[in-house]
């Protein structure tokens with residue numbers, strides 16, 4: 001670590017309110033990232049990320065929701081709304097990206113970050129993951145990703161979150177733009193190095209089927225880059241959901257968006273047999289967060305509590 005980096009870190013810490021023991025551990029984790037050394041307090045590289053995700057809940061399959069989908073993107077009210085919905089956790093977004101050099105994130109402000117952590121504690125909601133949803137519409141192959149990745153990983157460490165969601169999005173669709181694959185692989189290798197040093201995992205969502213995604217992960221070659229699986233991707237493309245899960249396997253899947261495209265709630269979705277999905281996951285030995293993203297009634301798309309509450313109750317009935 002350079003003297004200037006150390007000075008900047010010390011300055012930031014002086015501006016932060018007094019730290020609890022948990023806050024002290026988070027600050028130490030962030031220091032490890034900035035120093036470029038492994039964070040020994042996070043999950044070890046040889047340990048499955050999915051095996052750690054239920055910590056603190058006592059649940060094999062805790063249920064989460066996405067803050068942007070419950071219309072509370074980077075808003076403190078997301079925690080109260082998550083509690084009202086009845087979910088166990090919240091996937092917290094890094095904020096808008098657009099043409100900015102990095103995310104427009106409140107979470108990088110120490111005072112604001114403390115407010116988010118306090119709100120999570122107040123409502124008994126765990127932050128299950130950090131999302132880089134800005135890449136749904138941005139090009140991971142051409143943007144200068146270093147500031148975004150650095151800010152996301154530092155935020156994860158400061159907030160004690162072990163998984164991040166990275167969608168490669170429309171412009172990173174490697175089925176439509178196969179020429180972008182070398183650039184994306186190279187960038188994900190570098191992202192993996194940063195994530196490994198911090199002891200965190202980046203879960204990617206791609207347009208590939210499970211075999212194609214497995215090959216991509218093998219080319220990247222980092223235990224810190226894994227699959228953030230989405231039921232909807234398999235179903236919308238006519239793939240066998242259970243075979244897709246088995247092909248990727250327990251160690252490659254860090255977290256799951258347990259969702260389908262909008263139209264009906266999960267419990268009335270004939271093509272998504274959730275008890276069978278549970279049997280497949282149990283047979284695989286996979287445990288971890290199931291995060292709701294969509295599956296809203298067509299005529300009630302903005303009824304957040306109604307839609308996500310019904311889906312949460314159903315998932316808890318099946319998985320808990």
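The values are calculated or read from the model by the stated rules, or taken from the named source; none is laboratory data. As the structure is a prediction and not an experimental result, all values here were calculated from the model. All Cβ positions, glycine included, derive from the backbone under ideal geometry; neighbour counts span all protein chains shown.
Residue-by-condition table, conditions (1) in a helix (DSSP H, G or I); (2) surrounded by fewer than 23 Cβ atoms within 10 Å (Cβ to Cβ):
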| position | (1), (2) |
| --- | --- |
| 171 | no, yes |
| 182 | yes, yes |
| 186 | yes, yes |
| 191 | yes, no |
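Answer with yes or no whether residue 221 is surrounded by fewer than 17 Cβ atoms within 10 Å (Cβ to Cβ) and at positive phi.
yes
Restricting to helices (runs of 4 or more DSSP H) lying wholly in the range 237-320: which have 3 or more residues that are over 23 Å from the mean Cα position of the chain (by Cα)?
Values: elements: 241-248, 274-284, 304-319.
Hits in the range 237-320: 274-284.
Go through the range 249-290 and count every residue that is in contact with a strand residue (DSSP E or B) (Cβ under 7 Å, 6 or more places away or on another chain) and over 18 Å from residue 63 (Cα atoms).
Result for the range 249-290: 2.
For the range 200-216, enumerate the residues that are out of contact with any strand residue (DSSP E or B) (no Cβ under 6 Å at 6 or more places or on another chain) and buried (at least 22 other Cβ atoms within 10 Å of the Cβ). Spell out how you get there, then give the answer.
Of all residues in the range 200-216, those out of contact with any strand residue (DSSP E or B) (no Cβ under 6 Å at 6 or more places or on another chain) come to 200, 206-212, 214-216.
200, 206, 210, listed by residue number.
Kindly indicate whether residue 241 is in contact with a helix residue (DSSP H, G or I) (Cβ under 6 Å, 6 or more places away or on another chain) and either crowded, with 22+ Cβ neighbours inside 10 Å or within 24 Å of residue 93 (Cβ to Cβ) (or both).
no
When you scan the range 71-85, do you find a residue that is more than 17 Å from residue 312 (Cβ to Cβ), touching a helix residue (DSSP H, G or I) at 6+ places or on another chain (Cβ under 7 Å) and surrounded by fewer than 19 Cβ atoms within 10 Å (Cβ to Cβ), even just one?
yes
Can you name every residue in the range 217-236 that is closer than 17 Å to residue 193 by Cβ and either in a loop (DSSP other than H, G, I, E, B) or in contact with a strand residue (DSSP E or B) (Cβ under 8 Å, 6 or more places away or on another chain) (or both)?
Selection gives 217, 221, 222, 223, 224, 225, 226.
Considering every residue within the range 286-300, establish whether at least one is exposed (fewer than 14 other Cβ atoms within 10 Å of the Cβ), over 21 Å from residue 131 (Cβ atoms) and in contact with a helix residue (DSSP H, G or I) (Cβ under 9 Å, 6 or more places away or on another chain).
Yes, the range 286-300 has at least one match.
Just to be sure, is residue 93 in contact with a helix residue (DSSP H, G or I) (Cβ under 6 Å, 6 or more places away or on another chain), at pLDDT 95 or above and surrounded by 20 or more Cβ atoms within 10 Å (Cβ to Cβ)?
Yes; evaluated as a whole, the condition is true for this residue.
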